[in-house]
Structures are given as C-alpha cells and as structure tokens.
Amino acid sequence: MGSSITYGLFAKGVSFVDYLQAKDGLVATKAAVSGATLAGTDVNGYLKRMKRRFNGQKAYDLFVCQLSTNDTRHGATLGERTGNEQREGFDLSTTLGAIEEICAYVKQTLDCPVLFYTCVNQKDDGTYAQLVDELKLLQAKWDFAILDLFNDAGLNAATAARPNAMYDEVHPTQAGYLKLWLPVFEQKLGALLG
C-alpha cells in the first residue's frame, strides 16, 4: 500500500515490489496511487483504497505500507497518538489517526503482521523526520515492524554515491530500486517471513 514511491512513478511503474515478484517469487498486491496521502478520506487515499482492495477475501502473510511523504508536502495535520486502550474512533483527517486506523483495520480484517517502510527524503525540512519519530512511538502500541530507509545510513550513503539511483529527492529510478532498495527489502522481508 502506498503512493508514487511504491508505484515507481519515475521508473516506468516498476518499483521494488515488481523486483521482489520477479526475482524472489513474492506474490504481491501492489496498491499504489501517486500523490495519495495517509490522512483523509479521499477516494484514492490510503484508507479508502485499503478498504476496497483488502477486504478480507484473500489471505495475506504481511501488509506492507509506505509512510507517505505526501502528507507532509500537502499540509496534512500530523495529529496525536491515542492511548494504548483506544482501538477505534481515530481522527482520520490526521496522519497519525490514519496510521492507527490502518493498524486496527489490518489486525481485524486481515489478521496478518504489518510492516511500515519509511522513504528516503534527501531534502527533508524536519517534518518527515518528525513523522518517522511518531511512527516509532506508535510501534509499541500496535506491534508492527518498521523498515526505516529514512535513517538508514548505509542506504543513504549508497544513494549519494550513485547519482542515477534517484530521480529526485524522494523517488528512486529503476536502478535505485533494483540495486539499492531491493536488497534491503529482501533482508527485512526474509527476517519477517522466514
């Protein structure tokens, strides 16, 4: 589940998801719409698409969700984390409320583990870093895994060393997905799925 980075907007629609399928035989449902946000109830936003595409009719081993960079860029309100006892009634107009809704929905409807992955953001003004920090604080409540590409020093150094790895500050090219992102995802998914 994601937006342009999961889709592969500047890689002709090919992202790490497609490489995981081709190289590793992973069977994936790629639900990505460029420009989508976690927060809000837009028809193509994360929440509406999740409930349409992942309605409990199919079994999944893992639900992978991109921590969108679009929320901060489109001025979505961050919101607040709810108490550990709250399992419904989240403020879906906020990014944190949407994240909690995703966690609650996947637990109830799909009954599988959740992995959030953060994005590389080479020109972050601090707002995405704050969102990543808040995601880590939510992890204890919802018991999900995180693949933190934003704070991955090795990946960021490799990205800086390969000018052809990124189209812009957030979107990888096909070379970036294949050479840099794929190995990181293979390692994390291998650890989570066995």
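The values are calculated or read from the model by the stated rules, or taken from the named source; none is laboratory data. Please read these numbers as outputs of a predicted model, since none were measured by experiment. Neighbour counts run over all protein chains shown; Cβ positions are idealised from the backbone, glycine included. Remember, those area values only see protein heavy atoms, side chains included, never the ligands or the DNA or RNA. Shrake-Rupley method; radii C 1.70, N 1.55, O 1.52, S 1.80 Å.
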For the stretch 166-182, state whether one or more residues are among the β-branched types (Val, Ile, Thr) and farther than 19 Å from His74 by Cβ. yes
Output for Cβ contacts, cut-off 7 Å, separation at least six or different chains, first residue in contact (Cβ under 8 Å) with a residue 12 or more places away in the chain in the stretch 69-86, second of a type in the set (Asp, Glu), reads Leu78/Glu134; Gly79/Asp91; Arg81/Glu134; Thr82/Glu100
Is at least one residue of the stretch 132-150 charged (D, E, K, R) and at pLDDT below 95? no
Where Thr41 falls short, out of the listed (1) closer than 15 Å to Thr95 by Cβ; (2) under 17 Å from the mean Cα position of the chain (by Cα): (2)
Please go through the stretch 11-22 and pick out each residue that is closer than 18 Å to Tyr117 by Cβ and not aliphatic (A, V, I, L, M). Ser15, Phe16, Asp18, Tyr19, Gln21
Filter the stretch 146-182 down to residues that are in contact (Cβ under 8 Å) with a residue 40 or more places away in the chain and open to solvent by less than 20 Å² (accessible area, probe 1.4 Å), then give me how many there are. 8
Anything in the stretch 7-23 that is open to solvent by 40 Å² or more (accessible area, probe 1.4 Å), without any contact (Cβ under 8 Å) to a residue 24 or more places away in the chain and on the phi > 0 side of the Ramachandran plot? List them, or say none. none
Selection within the stretch 136-167 - hydrophobic (A, V, I, L, M, F, W, C) and out of contact with any helix residue (DSSP H, G or I) (no Cβ under 7 Å at 6 or more places or on another chain): Leu137, Ala140, Ala153, Ala157, Ala160, Ala161
Can you name the residue in the stretch 183-194 that is in a helix (DSSP H, G or I) and free of Cβ contacts under 8 Å to residues at least 24 places away in the same chain and, of all such residues, is least open to solvent (accessible area, probe 1.4 Å)? Gly190
